[in-house]
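Undergrad: Got a structure for you, written out below as structure tokens; questions coming shortly.
All of the numbers you see were taken from the coordinates with simple rules; none came from a lab. The structure presented is a predicted model; accordingly, all values stated were derived computationally and were not measured. Here the Cβ positions follow ideal geometry from the backbone for every residue, glycine too, while neighbour counts run over all protein chains shown.
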Amino acid sequence: MPLGVYIHIPFCLKRCPYCSFFSVASLDRTLFTRYRDALIYEIEHFPTSVEIDTIYFGGGTPSIFPVEFLSDILSAVSTRFKLLPGAEITLEANPHTLDERSLRLLLSSGFNRISIGAQSFSDRVLSLLGRVHSADEAEESFLMAREAGFDNISLDIIYGIQAQTTDELLLTLDKLVSLSPEHISTYALTLEDGCVSGLCPASSEKSCGMYHRIVRCLVDAGYSHYEVSNFAREGFFSRHNLKYWNQEEYIGFGASASSYFSGRRWRNSASIENYIAGCPPVVDILSKEKIKDEFFLLRLRKTDGFSTNEFEQFFGEDIADFLAIPRIQELAGSGYLAFEDGRLFIPGEHLFVSDEIIVEVASSFFP
Ligand code: SF4
């Protein structure tokens, strides 16, 4: 099965107060050049050439990296690996960092999907989030990408902010539907330690209400709700992210990037200087229990869950025995799990609490 390649570009214009991704605020061209060279070195020295059919440039904000550098990195990947025709090649981008020239160059370099971090179409919400772009700039970036020729665009939005009003959410949903991107990701604001810089997550009840409004609005607009937080037009599911949710293998390059290849997992240094200096990655040793937990954790995030075949191949056990576990029967009896057409999944009305359901499922299977 072809693999996915992930490239981490750990630079942003400014750090957002709620962000947990590894990145630093920098526009230092010298540092960018050294980082590009280190990335290309890592790619060229990967020991095996395998078939790949997705490449994902994430961050950070990859769109603040010079387009020529992104193109150099993409060339290095397609030289080192067997890039299959029709591969999905995504660049994460932020409004404010795209222009017509860069979009045209990205397309001609081979990028065919762009994921824009719009986050909201309300200026007040963008300011609460500490974002540097405006709602108009988010819309302009989308229209510019469309005009340049991108026919696979994803927009990200954030909801579940304590000070966010229902009207502000509805304004964002209206704009999303009118722009009609091929893919939409929606994330509830979560913060480890309560509030930061005056930004607080909404109560679980408020977030749940917003989540269900989003689902209803996007499904009514013709999107498939295919993962807890993701929606797409038919044929535009994120092929790269589906690899993670299906526990398929991937190779990550760049500072802090993780890999899962040949049954091994490792993680690169989350220090840009250490990464450039060539510090070796840390090998992650996952217990069998953790890997089994992941089966439920990842696959039950998808709205179609997992099939009988997937379960039986992975665990080597009959799914009937699993379905007969009293706690699983209780969850199914209460509507938190459904088993239809040979697939086990969490019904849409309970996806907002999927994390809690998954913990229950995993702990009843491995008590
Ligand atoms: S721009 Fe994105 S990656 Fe950078 S700090 Fe903000 S949320 Fe994080």
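Undergrad: In whole angstrom, note down how far apart the Cα centers of the stretch 219-253 and the stretch 113-160 are.
TA: Going from one Cα centre to the other spans 19 Å.
Undergrad: Turning to a different aspect of this structure: I need the phi-derived Karplus couplings for the stretch 139-144: 6.51 cos²θ - 1.76 cosθ + 1.60, θ = phi - 60°, integer Hz, Gly and Pro marked x.
TA: Computed from phi, the couplings for the stretch 139-144 are 5, 4, 4, 4, 5, 5 Hz.
Undergrad: Order by neighbour count: 210, 144, 1, fewest other Cβ atoms within 10 Å first, most last.
TA: Least crowded to most crowded, the residues run 1, 144, 210.
Undergrad: Could you order the peptides 267-278, 92-103 from most to least packed, using the average number of other C-beta atoms within 10 Å per residue? List each step's numbers first, then the result.
TA: Values: 267-278: 16.0, 92-103: 19.9.
Output ranking for 267-278, 92-103: 92-103, 267-278.
Undergrad: On to the next question. Of the cross-linked pairs 14/288; 175/302; 14/292; 243/290; 14/175, which ones have a Cα-Cα span greater than 30 Å in the structure shown?
TA: The pairs that break the limit, which is 30 Å between Cα atoms, are 14/288; 14/292.
Undergrad: Sequence-distant or interchain residues sharing an amide H contact under 5 Å with residue 83, placed H: which?
TA: Distant-sequence amide H within range of residue 83: 52.
Undergrad: Amide H of residue 119 versus every other amide H placed in the peptide plane: which residues, excluding those fewer than 5 positions away on the same chain, fall under 5 Å?
TA: Long-range HN contacts for residue 119: 156, 157, 158.
Undergrad: Then there's this: Using amide H atoms built in the peptide plane, which far-off residues or other-chain residues are under 5 Å from residue 152 H to H?
TA: Here 114 satisfy the definition.
Undergrad: Using DSSP, restrict attention to beta bridges with both residues in the chain and report what percent are antiparallel, rounded to the nearest 5.
TA: Once the DSSP bridges in the chain are tallied, antiparallel ones form about 40 percent.
Undergrad: Could you give me the ³J(HN,Hα) list for the stretch 150-157, computed from phi with Karplus coefficients 6.51, -1.76, 1.60 and θ = phi - 60°, whole Hz, x at Gly and Pro?
TA: 6, 10, 9, 10, 10, 10, 9, 10
Undergrad: Here is a further query. In whole Hz and in residue order, list the ³J(HN,Hα) couplings for the stretch 341-349 that follow from phi through the Karplus curve 6.51 cos²θ - 1.76 cosθ + 1.60, θ = phi - 60°; x for Gly and Pro.
TA: With coefficients 6.51, -1.76 and 1.60, one gets 6, x, 10, 9, 8, 8, x, x, 5 Hz.
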